Amino acid sequence: MRLMRAGVWLALGLQLGCGVGGGLGSRDLDGDGHPAELDCDDANPTVWRSVTGYEDTDGDGFGEGTPSVACVGSTTKGRTSQGGDCAPLDATRWRSVSGLYPDADGDGATGKGPVTGCVGDTLAGYREQPAAPDCDDGDAAVSALSEAWADTDGDGVGAGAAIAWCPSRGRSPPKGYVLTSGDCAPGDTRSWQQLPFTHRDADGDGFAVEQRGTVCAGEHLPAGYDTVSDPQDCDDSNANRTVRVERWLDPDGDGYGDGASVQRCAGPGESAPGETFRGGDCAPGDGTRWQNLYYASRDGDGDGRLSPATGQVCSGFWLPQGYSQEVRNDDCDDGNSALFRAWSVYADADGDGVGLGEATSICGAATVPTGYSMQATDCAPQDASRWRLLGFYYRDADGDTYTVAQNGALCGGVALPAGYSTQRLSGEDCDDTNAAAFRSMTAWADTDGDGVGAGASTVLCTNGQLPSPWSASGTDCDAQDATRWQNLSADQVDRDGDGFTAPIPAQTFCTGKTLPAPYASKAVGNDCDDADVDRHEWAYFYRDQDGDGVGATPRQMTCLGPEVPAGWSRYGDDADDGNAAVQTDETAEEELSLILDL
């Protein structure tokens, strides 16, 4: 379009500059070929014609302002006949289009419209239809408005009515506003959320009452609120009163009361004057005694030793002299200060230090009386060398160091006698009556004496070796033939004895060390005729009719031995098998030679 308009201006200029008043007598001061009367500037040879149009600063073919007359030459550069350029300094835009919606950042969201936009070939920066509102048409990453709440106390949680703001280019909300709402204490930076609680300690004494609700707090519940139960508070309005306690009147001031108790709400250990938190005073009028203490022993004869006796005595902090809470038996005769120790002893007739019989109780001095012992386990009361039962678990009656399991006990002294033990010695004895027999062995009868037995097994008690005619193996396949004792398998046979075998179905033979002839367990060759000793190998042969040692096709497979039979050859490339003088094809060899030379 722009080129077409430039061509029109050029043609018009040529018409104006040529063929009008161009007589021989005309003046042309600037020598541009145009007479002065037709030259709009005869002092400048580059311009000579006047045109009317608009200034086109950006060169897009559309001018600006009002039309004016200009003196130009062969071109109209910088001038145009088209006016109305809405963007005189932007060559990409020149026309105004109404009914558009702004989208300067190209994010698909539009600004307020409709508006009239200055565009070029496309509607870049505008859309024909409205889309979602764009709060910042200069930032493609942001279009929708966000909400923010006033945070007056600066704790990061706002409150009140939300304001709308456009979060373009990663900007934070306006100063004093945050993205989180719900501050339950807008003026307190320490509290911003409602937290539930189940127990309340209003007086701060560490004792709580059950109470459920919510409280405005920070990260954690404030002091005095909890979700875990503390000790129960009987008065949550007074920190000095926490628990319900029992109290008794204490007229003698010894800390122990008398009579019925009363319930009071008080602090730990708190008591009113004339009261105490303990009852049961056994001597209400005596401040030195207030409790009945149990005793398990007492000193009746005043010798400083106690004997068992139970009861109670009214006392102070401790039992009085001559009483004890321990069960003590220091005095076997609490009516005689000379006798104090009770002995339970047994008669020791042989003087080995161990007695026997019924226990005898003696109240006496500090040592065991002569002729008595504290033990009653003497198994031989008339023999001083034996006095205790010794247990044994194994018996070796024949003295071969092999034992049998046997539990029992013997009356002895320091150690068990020979033949008795608490642990197994060399091994388990299969016959403890015979020192030459001690080990059990499984055996089979070896009737033919080939070293391998047969039949049912039996167990023999031996000296570690089986006697003849017994064997430790029971696999003899022929118990009556000493030359055969094991089953061997064969799957090869050499019936003609040429040293080459042929396969057969597997067979089992009862034999000695090796398989009987002609059977074998491993193949030797592959005998093609096991009935002929002279033939054992399959081979290809060619008929040699002229007897020159080289045959000709066709070949055939034949079962033969190592020698080639007459009239046959292992080679089959005779070019003329009817002429013994000719064996090769000269033409074929020449062709082959040429191929090889190449």
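Let's see how each residue does on (1) loosely packed, with under 15 Cβ neighbours inside 10 Å; (2) aromatic (F, W, Y):
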| site | (1), (2) |
| --- | --- |
| D527 | no, no |
| Y540 | yes, yes |
| E563 | yes, no |
| W568 | no, yes |
Qualifying residue in region 415-427 (condition: under 59 Å from the mean Cα position of the chain (by Cα) and under 30 Å from C477 (Cα atoms))
no
- request: Please work out if R169 is over 30 Å from G65 (Cβ atoms), among the basic types (K, R) and within 47 Å of the chain's Cα centre (by Cα).
  value: yes
Of those in region 488-497 that are surrounded by fewer than 19 Cβ atoms within 10 Å (Cβ to Cβ) and of a type in the set (G, A, S), the residue farthest from D448 (Cα to Cα) is G497
Screening Q507, Q545 for residues that are polar (S, T, N, Q) and either in a loop (DSSP other than H, G, I, E, B) or at positive phi (or both) leaves only Q545
- Query: Would it be correct to say that G455 is surrounded by fewer than 18 Cβ atoms within 10 Å (Cβ to Cβ) and either in contact with a Cys (Cβ under 6 Å, 6 or more places away or on another chain) or not in a strand (DSSP E or B) (or both)?
  - Reply: no
Yes/no for S96 being surrounded by fewer than 15 Cβ atoms within 10 Å (Cβ to Cβ) and small (G, A, S): yes
Restricting attention to region 459-487, the residues that are closer than 15 Å to F509 by Cα and crowded, with 18+ Cβ neighbours inside 10 Å number exactly 5
Sole miss for V228 among (1) crowded, with 16+ Cβ neighbours inside 10 Å; (2) modelled with pLDDT of 85 or more is condition (1)
Selection from region 546-561 of residues surrounded by 14 or more Cβ atoms within 10 Å (Cβ to Cβ) and either within 60 Å of the chain's Cα centre (by Cα) or over 30 Å from Q492 (Cβ atoms) (or both) yields D546, D548, V550, G551, A552
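Here's the yes/no breakdown for (1) among the small types (G, A, S); (2) assigned to a strand (DSSP E or B):
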position	(1), (2)
G59	yes, no
S68	yes, yes
C86	no, no
R93	no, no
D105	no, no
L123	no, no
C135	no, no
E147	no, yes
G160	yes, yes
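The values are calculated or read from the model by the stated rules, or taken from the named source; none is laboratory data. On a predicted model such as this, the values are computed, not experimentally measured, just so you know. Cβ coordinates were reconstructed from backbone atoms using ideal geometry, including for glycine residues, and neighbour counts include every protein chain displayed.
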